[in-house]
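The values are calculated or read from the model by the stated rules, or taken from the named source; none is laboratory data. Nothing here was measured: the structure is a model prediction, and the numbers come from that model. Virtual Cβ from ideal backbone geometry, glycine too; neighbours counted across all protein chains shown. For accessibility, only protein heavy atoms count, side chains too; no ligands or nucleic acids. Shrake-Rupley method; radii C 1.70, N 1.55, O 1.52, S 1.80 Å.
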Amino acid sequence: MHKPGYRLALFATLLTVVVVLLGAYTRLTHAGLGCPDWPGCYGFLGVPMSEHKQAIAEARFPEAPVEVAKGWYEMIHRYFAGALGLVILAIAALSVRRRAEPTQPLKLPLAILALVILQGAFGMWTVTLQLWPQVVTAHLLGGFATLSLLTLLTLRLSGRFAPLQLPGRLRTLAAACLLLVIGQITLGGWVSSNYAAVACVDLPTCHGEWWPAMDFGKGFHLTQHIGPNYLGGQLDSDARTAIHMSHRIGALLVTLALLALAWKLRIAKLPRLAGLLLLALAVQVGLGISNVIFHLPLLVAVAHNAGGAALLLVMVLINYRLRAVSAAAREASDLAGRRTTLVSNGLVQGR
């Protein structure tokens, strides 16, 4: 039986997928500054469409001529993100209202609400700091974190998965693989925010070399000055090559680790989890290779973002399943504690 709030949590999770993909589309179409202000667009609630409004907009922001298509990409992303914020607020409010119910999570919904508020701030800073790579990458990670936590909440409210008695070493491997996937997503965000996706246009070499000229110091210099417009990037070729090659090396390490995890899952007689992991990994690796071979076509690049999200969610599912024993024990403990509190307050009769 699903627990109360399951359907709302599932809806929020699906809506977050849409928001993450809209964010990727906005970034990849270079529309991150399609509206030079926040939360409106040139001082309007929507993109200025009439000649009169566009004249006002360009007078307000003479350095940012109106591009209607890019403005709408940005604003549609903001509208969906705002709707998601309201849904998460409703989830948090309902969790507070139902906090006396033994099976109602409370800390997780409140943590998600805090995260989405922070995400709103990062969305503002993305514009006001003119696509500063650190903020763009943090904003992307915040979106993936929101998606992961909502997925975890949905799993907890689903009431479907039974505890698994499995070796602790397998849980440790799964946790390590989850961290590797998060690290690889971070590198992917850094590639995107520094426009390094096409720094290498050949495979398996880069510029015809196995180890091309690279500048890791500049590529991963995290204290760039705030203020310049980073649309299109500011780094030179060697720095972007270093970022791109780091992402490739990370992809190789993640692939080897996830293959090992899939093998261990099969040994543990969890073939469905192993198969799901292998499918997500194969699709993501194929999309990454396609990005290089076909020089970053928009739909493939957006799909690569979706593939990263899917792989992350598979890892969340695997870790949830493998840690279901301890989660079930915590839930039983919470249930006993809440019941004791209710009895002591005279709200229920002890038996």
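Couple of notes before you dig in:
So that you can scan it fast, the table gives a plain yes or no per residue for (1) among the polar types (S, T, N, Q); (2) assigned by the TED database to the domain that holds residue 155; (3) modelled with pLDDT under 95; (4) closer than 18 Å to residue 161 by Cβ:
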| position | (1), (2), (3), (4) |
| --- | --- |
| 270 | no, no, yes, yes |
| 274 | no, no, no, yes |
| 277 | no, no, no, yes |
| 287 | no, no, no, no |
| 299 | no, no, no, no |
| 310 | no, no, no, no |
| 322 | no, no, yes, yes |
| 325 | no, no, yes, yes |
| 328 | no, no, yes, yes |
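- Among (1) under 28 Å from residue 25 (Cβ atoms); (2) among the aliphatic types (A, V, I, L, M); (3) open to solvent by less than 50 Å² (accessible area, probe 1.4 Å), the one test that residue 201 misses: (3)
Results for (1) hydrophobic (A, V, I, L, M, F, W, C); (2) at pLDDT 95 or above; (3) crowded, with 16+ Cβ neighbours inside 10 Å, shown as yes or no for each residue.
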| position | (1), (2), (3) |
| --- | --- |
| 17 | yes, yes, yes |
| 20 | yes, yes, yes |
| 27 | no, yes, yes |
| 49 | yes, yes, no |
| 75 | yes, yes, yes |
| 83 | yes, yes, no |
| 88 | yes, yes, yes |
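- Members of region 193-218 found to be farther than 15 Å from residue 249 by Cα, outside any loop (DSSP other than H, G, I, E, B) and either modelled with pLDDT under 95 or of a type outside the set (Ser, Thr, Tyr) (or both), listed by number: 217, 218
- Some residue of region 165-186 being open to solvent by less than 40 Å² (accessible area, probe 1.4 Å), under 20 Å from residue 39 (Cα atoms) and not polar (S, T, N, Q): no
- Comparison of 59, 12 shows that the only residue that is in a helix (DSSP H, G or I), surrounded by fewer than 18 Cβ atoms within 10 Å (Cβ to Cβ) and modelled with pLDDT of 95 or more is 59.
- All conditions but one from (1) within 15 Å of the chain's Cα centre (by Cα); (2) over 17 Å from residue 14 (Cα atoms); (3) polar (S, T, N, Q) apply to residue 151; the one that does not is (2).
- Boolean, residue 206 is in contact with a strand residue (DSSP E or B) (Cβ under 8 Å, 6 or more places away or on another chain) and farther than 25 Å from residue 321 by Cβ: no
- Looking only at residues in region 211-246 that are crowded, with 19+ Cβ neighbours inside 10 Å and farther than 25 Å from residue 125 by Cβ, the one that is farthest from the chain's Cα centre (by Cα) is 214.
Here is a yes/no grid of residues against (1) more than 23 Å from residue 230 (Cβ to Cβ); (2) assigned to a helix (DSSP H, G or I):
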{"site": "34", "(1), (2)": "no, no"}
{"site": "37", "(1), (2)": "no, no"}
{"site": "52", "(1), (2)": "yes, yes"}
{"site": "69", "(1), (2)": "no, yes"}
{"site": "73", "(1), (2)": "no, yes"}
{"site": "94", "(1), (2)": "yes, yes"}
{"site": "110", "(1), (2)": "yes, yes"}
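- Test: residue in region 29-40 that is out of contact with any helix residue (DSSP H, G or I) (no Cβ under 8 Å at 6 or more places or on another chain) and open to solvent by 20 Å² or more (accessible area, probe 1.4 Å): no
- Taken as a whole, the condition of being under 19 Å from residue 145 (Cβ atoms) and either surrounded by 18 or more Cβ atoms within 10 Å (Cβ to Cβ) or modelled with pLDDT under 95 (or both) does not apply to residue 351.
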